[in-house]
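The values are calculated or read from the model by the stated rules, or taken from the named source; none is laboratory data. For clarity, every value in this text was computed on a predicted model and none was experimentally measured. In this analysis, Cβ positions are derived from the backbone assuming ideal geometry, glycine residues included, and neighbour counts consider all displayed protein chains.
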Amino acid sequence: MSADLIDGKAFAAGLRARVASHVPAFKAATGRTPGLAVVLVGDDPASAVYVRSKGKMTREAGMESLEHRLPADARQDDLIELVDQLNADPTVDGILVQLPLPRHLDAEEVLLRIDPEKDVDGFHPVNAGRLATGLPAFVPCTPLGCVMLLEDRLGDLSGLDAVVIGRSNIVGKPMAALLTARSCTVTLAHSRTRNLPHYLRHADIVVAAVGRADFVKGEWLKPGATVIDVGINRVDGGLRGDVDFESAASVAGAITPVPGGVGPMTIACLLRNTLVAAHRRESVPLDERAI
Ligand code: GUN
């Protein structure tokens, strides 16, 4: 292995500490703490673990965590009514509806119902459109975390060649938009891309978010590339990323491990977005670029 490890766990801890450091001044200005409401429908065990972890870290940052649980057979109308209540609640700055929802529910309608000013997940089409057109937006937490790690490692990204693998609304598309806004030359590859190694050969930056264990091979990479692995794939031997770590680490300049790379950044960015939402809603000034 010659690549440097990108320590997302340490960076995320620093980010959470920076977020927490702004809470007392917000409280002094408004008399309340920023509030994040998380909605969990059903009892998917992975989602329950994730929601518990969000609640714990929200409280550790000095913010208010409000958890709402609905049964697995909840009706669409009940969920919509809860979102409406949270939209109207002045103590709620951020709303997150944990995905995936049970199959009988329409996630698209729910996400459209969330007030875009409280959409700390950045999943509302208004925020996606704002990101795409360069307006201030709430940016989905995972790609936001990836771009923070990239800028921490590389500084100015301008002019670099980037390949994003995966075109989801949650990671791939916003990732491509963030890198484009930073003047990278971006290729958005996906499951139908015909010759992925051809594109990777020139890539200074690779972001893999395809959901297939060990999909990207080291021999496809440009020597010295910075590799961000968003994948979390459960295989018999444990957790694997979308990048074949061992072969990639002998070619890349830097790479995120799985676990301990991108994963911890997601909740840290959620807290960051909640802090930002609270300041915007209360018109309390905040230097958002410094967080
Ligand atoms: N499920 C897994 N990750 C996420 C996330 O970042 N936001 C939401 N809403 N659901 C998720």
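Counting just the residues of the range 184-214 that are touching a Leu at 6+ places or on another chain (Cβ under 9 Å) and touching a residue at least 40 places away in the same chain (Cβ under 8 Å), which one comes out surrounded by the fewest Cβ atoms within 10 Å (Cβ to Cβ)?
D204
Restricting to the range 124-152, and then to whatever is more than 21 Å from A208 (Cβ to Cβ), part of a loop (DSSP other than H, G, I, E, B) and touching a helix residue (DSSP H, G or I) at 6+ places or on another chain (Cβ under 7 Å), can you tell me which residue is farthest from the ligand (Cβ to nearest atom)?
Checked the range 124-152; the qualifying residue farthest from the ligand (Cβ to nearest atom) is G134.
For the range 233-273, give me each residue that is closer than 21 Å to A10 by Cα, in contact (Cβ under 8 Å) with a residue 60 or more places away in the chain, of a type outside the set (D, E, K, R) and in a helix (DSSP H, G or I).
Correct list: A249, G263, P264, M265, T266, I267, A268, C269, L270, L271, N273.
Residues are listed down the side, and each one gets a yes or a no for (1) surrounded by fewer than 13 Cβ atoms within 10 Å (Cβ to Cβ); (2) within 15 Å of the ligand (Cβ to nearest atom); (3) not in a strand (DSSP E or B):
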position: A72; (1), (2), (3): yes, no, yes
position: D77; (1), (2), (3): yes, no, yes
position: L82; (1), (2), (3): no, yes, yes
position: N87; (1), (2), (3): no, no, yes
position: L96; (1), (2), (3): no, yes, no
position: P100; (1), (2), (3): yes, yes, yes
position: L105; (1), (2), (3): no, yes, yes
position: V110; (1), (2), (3): no, yes, yes
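List every residue pair whose Cβ atoms lie under 7 Å apart, where the two residues are 6 or more positions apart in sequence or sit on different chains, the first residue falls within the range 163-177 and is in a loop (DSSP other than H, G, I, E, B), and the second residue, located anywhere, is β-branched (V, I, T) and within 14 Å of the ligand (Cβ to nearest atom).
Note: pairs meeting the criteria are I170/T142; V171/T142; V171/V230.
Scan the range 153-162 for residues that are of a type in the set (A, V, I, L, M) and assigned to a helix (DSSP H, G or I) and report the count.
Qualifying residue count, the range 153-162: 1.
Within the range 112-123, track down each residue that is of a type in the set (G, A, S) and either in a helix (DSSP H, G or I) or farther than 27 Å from M175 by Cα (or both).
Hits for the range 112-123: nothing passes.
Does H279 satisfy the criteria of being closer than 17 Å to L144 by Cβ and assigned to a helix (DSSP H, G or I)?
Details: closer than 17 Å to L144 by Cβ: yes; assigned to a helix (DSSP H, G or I): yes.
It is true that H279 is closer than 17 Å to L144 by Cβ and assigned to a helix (DSSP H, G or I).
Name the single residue, out of those in the range 138-183 being surrounded by 20 or more Cβ atoms within 10 Å (Cβ to Cβ) and over 17 Å from the mean Cα position of the chain (by Cα), that is nearest to D93 (Cα to Cα).
In this case the residue turns out to be L157.
Being away from the ligand (no atom under 16 Å from the Cβ) and either crowded, with 18+ Cβ neighbours inside 10 Å or assigned to a helix (DSSP H, G or I) (or both) is true for just one of A46, A12, A28, A37. Which residue is that? Outline the logic, then answer.
Values: A46 fails: away from the ligand (no atom under 16 Å from the Cβ); A12 fails: away from the ligand (no atom under 16 Å from the Cβ); A37 fails: away from the ligand (no atom under 16 Å from the Cβ).
Within the list A46, A12, A28, A37, the selection yields A28.
From the list S183, S158, S168, pick out the single residue that is among the hydroxyl-bearing types (S, T, Y), within 16 Å of the ligand (Cβ to nearest atom) and modelled with pLDDT of 95 or more.
S168
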